[in-house]
1. Restricting region 32-46 to residues that are under 28 Å from the mean Cα position of the chain (by Cα) and open to solvent by 60 Å² or more (accessible area, probe 1.4 Å), which is nearest to Ile264 (Cα to Cα)?
2. How many residues does region 100-130 hold that are over 20 Å from the mean Cα position of the chain (by Cα) and not in a helix (DSSP H, G or I)?
3. Which ones in region 313-340 are farther than 19 Å from Pro277 by Cβ, open to solvent by less than 60 Å² (accessible area, probe 1.4 Å) and of a type in the set (Asp, Glu)?
4. Show me the strands (runs of 3 or more DSSP E) entirely contained within region 231-300 in which 3 or more residues are open to solvent by 10 Å² or more (accessible area, probe 1.4 Å) and in contact with a helix residue (DSSP H, G or I) (Cβ under 8 Å, 6 or more places away or on another chain).
5. Restricting attention to region 86-105, does a residue exist that is touching a Ser or Thr at 6+ places or on another chain (Cβ under 6 Å) and open to solvent by 40 Å² or more (accessible area, probe 1.4 Å)?
6. I'm trying to understand the selection: among the residues of region 399-428, which are of a type in the set (D, E, K, R) and at pLDDT below 90?
7. Take the conditions open to solvent by 20 Å² or more (accessible area, probe 1.4 Å) and of a type in the set (Phe, Trp, Tyr) and apply them to Tyr137. Does it pass?
Amino acid sequence: MNGEYWQPEIETMPREELKKLQTEKLRRTIETALNSPFYGQRLGRLGITPDSIKTVGDIRKIPFTTKQDLRDNYPFGLVAGDMKDAVRIHSSSGTTGHPTVVVYSRHDIDSWANMIARNMYMVGCRDTDVFQNSSGYGMFTGGLGFQYGAEKLGATTVPAAAGNSKRQIMFIRDFGTTCLHAIPSYAVRLAEVFREEGLDPRETKLHTLFIGAEPHTDEQRRRIERMLGVKAYNSFGMTEMNGPGVAFECKRQDGMHLWEDNYIVEIVDPDTLEPVPDGEYGEMVLTTLDRTMMPILRYRTRDLTRIIPEQCPCGRTHRRIDRIKGRTDDMFIIKGVNVFPMQVEKILAQFPGLGSNYLITLDTVDDNDIMTVEVELDSMPTDVYPELQKMTKNIQRALKDEILLTPKVKLVGKGSIPTSDGKAVRVNDKREGRK
C-alpha cells in the first residue's frame, strides 16, 4: 500500500463508476433495511423496493429519517440484522428522551475501521507511527472508532483516553507518539500544559493531529498547529453514521473528502427540503451504504455545509464537504459533547424555588470553552448564601449526570435575565468564530 492512497482503486474511482457503485449499494441497503420494523413499515407502505432504484438520483423517492425517528424507535426499531450478529452498541450523549443508538455487526466495525485507516493514511500516517488517542472510550464513538482504525492501519496504539494532561505528555515523550487524536479545545489545553511544565512539544516526535467533534475555525486550527508544532487535520463524523471518519481532510487541508463508497451525501434547503446546487450551503443529508446491521436512509443531520464543486488536486474523486457552518436546530457542541438546551431545562425544572427563565452562555476563557448556566430564582431570596450554595452544587451535579460535563451555575434574582417578545433566547454562544 505504497504511495498516497490506502485504496487507490476506490479513492480515485472515476465519478461515473462511483455512481454505479453507489446505485448497486443503495439497492442492497434498501433490501437490508426492509427487514427492520421501522423501514419495513415505512418503505413497505410506499411500495419502495430495491427495484425502485435505477440511478442514485432515485434516492429522492425515499422519505427522510430524523433523529426523532431513532428516538421513537429506541432501542432496536431500525435494526435490520439478527441481533445474534450484533457485536457492539454505541449511543449518543443523553437527550430529553432516549439516546440515539447504533448497533454494529462485525462487517460494520471492519468497514468503519477501514474508513478511518484510509483517513489516517491519507494524511501520512503509516504502520511505523505511534498513535495516541485522547478521546473518551465507552459509548461515545471517538475512542473505539479511532482505536480500531489505527490498529487496521498497523500503527502502534496508545489508548490514553480523555484527560490527565501530564500523563498524556509523559506518554507522548516516553512512547515516541507521532500522531494524536484530540478535540480542538483539548489540543490547546495540552499545549498549555506543555508550556507550564517547561517542555517544548516541538522536541517530541509528534507530527500529526486529528481534530474534530466540536466546531472550530481555521484560525483556531492554525493556532493549534503553531502551539504544538504539528499539522492538524479536520474530520467529520456522527454516531448515527458510525462515528468519526465519515469525511476527512487530505494533506491540502481544503475541505473534507466524504467517502462516497460508504455514504450518499445530499445538500438540501432546510426549509423546502429540495436539493441545492453544489457550492451552495444547505443541510447535509446522509445515507449509509455499507452497514448490514442498522442501515439509515436519508438521515437529516441538521448540519449546515456545502459541496465544494471542484475536484481536489490530490487526485481523489470523492467529493469534499466544507467545514460545518452551523446547525438547523438548537443543539450545540462543547468539549466534544452534544447538548440540547432542553436537557438543561429538564434538570432545572426538578428544583423547587427556580423560575422558568434561564440562559446558557458559551465562552472561551484562557483557550478553554466554558459553559455557564444562569437561572432565575422564583421564591428563594438571593441573600441566603448557604442555601444558594447548596442548591448550586446540587444543580451542577444533576447537570453533569445529564450532559456529561460540569457547567458553571449562577442563581440570579427574578427578572435578571432579559426576555424578548419572540422565541426565548436560551443560548448565547460567544466563542470565537461561532457568533
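The values are calculated or read from the model by the stated rules, or taken from the named source; none is laboratory data. All of these numbers come straight from a predicted model, not from anything done at the bench. Because the Cβ atoms are built from the backbone with ideal geometry, glycine has one as well, and the counts that use them run over all protein chains shown. SASA here: full protein model, heavy atoms, side chains in, ligands and nucleic acids out. Shrake-Rupley method; radii C 1.70, N 1.55, O 1.52, S 1.80 Å.
1. This residue is Asn35.
2. 8
3. Asp329 - this is the single residue of region 313-340 that is farther than 19 Å from Pro277 by Cβ, open to solvent by less than 60 Å² (accessible area, probe 1.4 Å) and of a type in the set (Asp, Glu).
4. Once the strands (runs of 3 or more DSSP E) in region 231-300 are filtered for at least 3 residues that are open to solvent by 10 Å² or more (accessible area, probe 1.4 Å) and in contact with a helix residue (DSSP H, G or I) (Cβ under 8 Å, 6 or more places away or on another chain), what remains is 231-238.
5. Within region 86-105 (the criterion being touching a Ser or Thr at 6+ places or on another chain (Cβ under 6 Å) and open to solvent by 40 Å² or more (accessible area, probe 1.4 Å)), the answer is no, since none of the residues qualifies.
6. Selection gives Glu402, Lys414, Asp421, Lys423, Arg426.
7. When the stated conditions are applied, Tyr137 passes them.
The rows are residues; the columns are (1) under 29 Å from Ala213 (Cβ atoms); (2) in a loop (DSSP other than H, G, I, E, B); (3) free of Cβ contacts under 8 Å to residues at least 60 places away in the same chain.
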site	(1), (2), (3)
His318	yes, yes, no
Asp330	yes, yes, no
Met342	yes, no, no
Lys346	yes, no, no
Pro352	no, yes, yes
Gly355	no, no, yes
Tyr358	yes, no, no
Glu387	no, no, yes
